[in-house]
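Contents: one structure, followed by commentary.
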Amino acid sequence: MSVAVLIEHREGHVSRPSLEALTLARTLGEPVAVWLGDAPTADAVAQLGEYGATEVRVAAVGADARLPAKAAAAVAAATEDATVVVVISTFANKEIVTRLAVLTGAGVVVDAAGAELVEGKVETTQTVFAATWNVRTRIDAERAIVGVRPNTTQASPAASPVEPNVVDIAVELPETRETVVSVEPIPQADGVALDEAPVVVSGGRGTGGDYSLIQDFAELLGGAVGASRDATDEGWISHEHMVGQTGTTVTPALYVACGISGAVHHRGGMQASGTIVAINMDPDAPIFEISDFGVVGSLFDVIPQAIERIAAHRAG
Amino acid sequence: MRILVTVKHTPDLQSNRSFTEGTVTRTAEDGSMNELDENAVEAALQLVEAAGEGEVYALTVGGPDAVAAVRKALQLGAHHAIHVSDAAIAGSDVFGTAKVIAAAVRKVHDEAPLDLVITGMAALDGLTSMLPTALAAELDWSQLTLASGLTVADGEATIVRHLPDARETVSAPLPAVVSVTDEANKPRYPNFKLIMAARKAEVATWSLADLGVDASAVGAGAARTTVVDASERPPRENRVKITDTGEGGNALADFLIEKGLA
Ligand SMILES: Cc1cc2nc3c(=O)[nH]c(=O)nc-3n(C[C@H](O)[C@H](O)[C@H](O)COP(=O)(O)OP(=O)(O)OC[C@H]3O[C@@H](n4cnc5c(N)ncnc54)[C@H](O)[C@@H]3O)c2cc1C
């Protein structure tokens with residue numbers, strides 16, 4: 001079975017979730033990588049091969065492909081023979097795969113935490129209702145599209161690396177009614193991206209707007225900085241850091257919520273994390289209902305002490 | 001300016017809910033209108049108010065309880081309410097639902113042309129965000145999705161959308177399907193007069209036959225996916241909560257070190 005994986009890349013680098021997706025794809029069949037944009041570097045091709053891609057199909061589309069209908073046409077041209085298409089479940093990709101499914105008749109599941117073949121059909125798992133329920137879905141259509149969440153598969157190289165063929169895919173992008181008037185890139189914060197980070201340390205209204213401790217703790221734990229909606233609304237930290245149902249959904253191995261009450265909107269975006277730690281002054285804060293380790297106290301006391309102890313432990 | 005807003009009846013996220021035979025079980029008092037659809041209603045009302053003329057239609061698809069969602073839209077100020085209800089729709093996937101909504105949109109559009117269909121960015125129960133795209137494709141109208149800003153002028157709509165890597169400005173001719181995020185506006189509260197009026201307001205109820213949609217094209221039978229299992233996630237085990245009396249940070253550090261997380 002040929003399984004196509006839409007690769008996410010930035011400045012030529014393959015994103016970690018794409019390697020996770022290739023790892024998952026290997027369990028479903030023989031993976032091929034689909035690359036939209038300027039041709040990948042030799043390093044990127046080698047890395048895709050290391051994770052099992054037997055082919056890298058390049059559709060050299062430009063900024064135009066930001067429009068979902070155009071991107072979907074490019075992906076369709078590159079995946080004609082694929083029975084399964086795997087993408088990372090981002091807002092943009094959900095639109096692309098919806099268009100792709102309209103073109104190909106495929107069945108789609110997005111926000112999946114996993115996928116496997118059961119009697120020749122793809123079955124996925126995902127969480128719903130603010131991550132309080134697990135659901136298993138079977139894709140009945142001949143072709144399946146699966147959008148997977150970052151951090152749900154452990155990326156691992158294939159047993160034996162392959163040297164992928166690089167194939168150029170000719171695409172004629174369809175006319176669309178929409179026009180991209182401008183694209184203003186958002187500079188990426190240093191370090192790991194929020195949705196890919198193995199550790200997320202988030203601060204909410206309880207920080208009072210001072211993120212220095214949150215940043216220090218995140219850096220120490222090798223994680224990214226998250227925030228609640230109240231904090232981004234206050235302008236204390238930029239929108240890209242917002243965790244929750246309308247922000248970024250995260251599933252790190254460790255999530256640390258500092259001065260965050262745990263509103264359902266916030267929980268829906270982090271409840272499926274591995275270990276959840278909460279620091280909150282209010283013993284009745286709802287965040288404690290879902291935390292593995294909770295400290296009732298002020299983040300301004302607890303975080304510095306924790307940082308010191310961990311640093312001392314590492315120093316031996 | 002004529003605008004149709006799609007609203008969804010969703011379970012209250014704070015309440016308990018369950019699955020039976022692969023679909024969500026809801027009770028009448030459980031839930032109302034998807035919270036994120038309030039932003040869609042607000043966007044429509046603001047455009048009509050700014051234009052000084054026009055009408056807002058609220059449309060929902062769902063069983064008998066779903067009428068609560070359009071009533072909520074009426075309370076907020078929508079002028080007309082439509083409830084598409086048909087047993088054959090149950091179990092539809094996003095493409096089936098888009099077919100039904102598109103047929104209802106066309107029915108309104110044929111009476112007098114619509115300028116826009118506005119939706120919320122996602123339904124907070126399922127959150128797939130796929131419907132607006134599927135609807136635009138089905139209607140073959142312009143797709144302007146995930147708008148945190150929306151302006152309409154000279155037969156064209158322009159949105160700003162905020163993706164993780166870039167802020168895009170996209171424009172397209174009307175008619176268009178627009179989905180708005182919760183950052184697009186601050187939804188208003190229903191006022192007493194509208195609440196009273198909404199109670200008595202007439203809601204048009206349409207069946208698949210009224211829409212000319214073939215029942216076999218929608219519903220569980222036509223769905224490309226099937227929920228085969230659903231279960232409540234077990235609560236986390238061995239949870240610990242301590243109160244900081246001077247050692248809370250140390251205890252937290254020890255927990256992380258022991259777990260191999262620090
Ligand atoms: C449609 C909709 C969508 C939404 N989407 C999102 C979303 O995606 N993400 C999101 O986060 N929110 C979202 N929200 C908002 C959400 O409902 C909450 O309002 C928000 O998450 C609260 O943020 P908070 O926890 O920082 O603030 P609060 O609820 O005010 O909580 C602050 C907490 O800090 C604690 N605290 C204060 N001082 C300290 C201290 N020194 N040390 C430790 N603790 C302290 C307090 O005890 C309190 O529990 C949405 C809302 C709506 C209506």
Between chains B and A, total accessible area buried, probe 1.4 Å, no ligands or nucleic acids, nearest 100 Å², roughly 7300 Å²
Stokes-Einstein diffusion coefficient of the protein assembly as shown, Kirkwood radius over Cα pairs, 37 °C, 0.692 mPa s, in µm²/s: 133 µm²/s
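Report, to one decimal in Å, the Kirkwood hydrodynamic radius for the range B:101-200 based on all distinct Cα pairs. List each step's numbers first, then the result.
On the way: mean 1/r = 0.0671 Å⁻¹.
In the range B:101-200 this quantity evaluates to 14.9 Å.
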Report the residues of the range B:47-69 in range of a label on B:Ala90: point 7 Å along Cα→C-beta, backbone N strictly under 14 Å from it. B:62-66
Average Cα contact separation per residue, the range B:2-222, under 8 Å, 6 or more apart, as relative contact order %: 26 percent
Compute and list, largest first, the equivalent-ellipsoid semi-axes of the range B:181-253 from the alpha carbon gyration tensor, each √(5λ) rounded to a whole angstrom. 48, 30, 13
Calculated [θ] (222 nm, deg cm²/dmol) that DSSP helices of n ≥ 4 give over chain A, each run adding -39,500 (n - 2.57): -7500 deg cm²/dmol
Log entry: pair-distance distribution for the range A:194-315, C-alpha pairs binned every 5 Å from zero, whole % per bin is 2, 13, 24, 27, 22, 8, 2, 1, 0
The Kirkwood hydrodynamic radius of the range B:2-222, taken as the inverse of the mean 1/r over all distinct Cα pairs, in Å, comes to 17.4 Å
Hey, in the GNM for chain B with a 10 angstrom Cα cutoff, which one of B:Arg233, B:Arg71, B:Arg167 fluctuates hardest? B:Arg233
Under 10 Å, Cα contacts only: if you run a Gaussian network model on chain B, which one of B:Ala217, B:Ala153, B:Ala122 comes out with the highest mean-square fluctuation? B:Ala153
Three semi-axes of the equivalent ellipsoid, the range A:19-65, Cα gyration tensor, whole Å, largest first: 20, 12, 8
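Only bridges with both residues in the protein assembly as shown count here: give the DSSP antiparallel percent, nearest 5.
Beta bridges within the protein assembly as shown, antiparallel portion: roughly 40 percent.
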Mind jotting down the distance between the C-alpha centroids of the range B:115-147 and the range A:198-271, whole Å? 28 Å
Can you give me the accessible area per residue for the protein assembly as shown, using a 1.4 Å probe, in Å²? 41 Å²
The range A:194-315: relative contact order as a whole-number percent, Cα under 8 Å and 6+ apart: 24 percent
Measuring from label point to label point, each 7 Å out along Cα→Cβ, what is the A:Phe300 to B:Leu163 span in nm? 4.1 nm
Can you give the three extents of the C-alpha atoms in chain A along their principal axes, from longest to shortest, in whole Å? 59, 46, 40
Based solely on its DSSP helices, what 222 nm [θ] is calculated for chain B when runs of n ≥ 4 H residues each add -39,500 (n - 2.57) and the sum is averaged over all residues, nearest 500 deg cm²/dmol? -9000 deg cm²/dmol
Can you pull the Kirkwood radius for the range B:77-151, inverse mean 1/r over Cα pairs, to one decimal in Å? 13.7 Å
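Run the accessible area of chain A with a 1.4 Å probe and give the carbon-and-sulfur part as a rounded percent. Write down the numbers at each step before the final one.
Details: 5980 of 12240 Å².
Exposed carbon and sulfur together represent 49 percent of the surface.
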With bins of 5 Å, the percent of all Cα-Cα pairs of the range A:23-157 per bin from 0 is 2, 10, 19, 23, 22, 15, 7, 2, 0
Pseudo-spin-label distance A:Ile186 to B:Ile195, built 7 Å along Cα→Cβ, given in nm, is 3.7 nm
Please report the antiparallel percentage of DSSP beta bridges with both residues in chain A, rounded to the nearest 5. 25 percent
Which one of B:Ala147, B:Ala98, B:Ala50 has the biggest mean-square fluctuation once chain B is modelled by GNM with Cα springs under 10 Å? B:Ala50
Binning every alpha carbon pair distance of the range A:151-203 at 10 Å from zero, what are the percents per bin? 13, 20, 27, 33, 7
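The values are calculated or read from the model by the stated rules, or taken from the named source; none is laboratory data. Everything quoted here is computed from the prediction, not taken from an experiment. Note: ideal-geometry Cβ built from the backbone for every residue, glycine included; neighbour counts use all protein chains shown. For accessibility, only protein heavy atoms count, side chains too; no ligands or nucleic acids. Shrake-Rupley method; radii C 1.70, N 1.55, O 1.52, S 1.80 Å.
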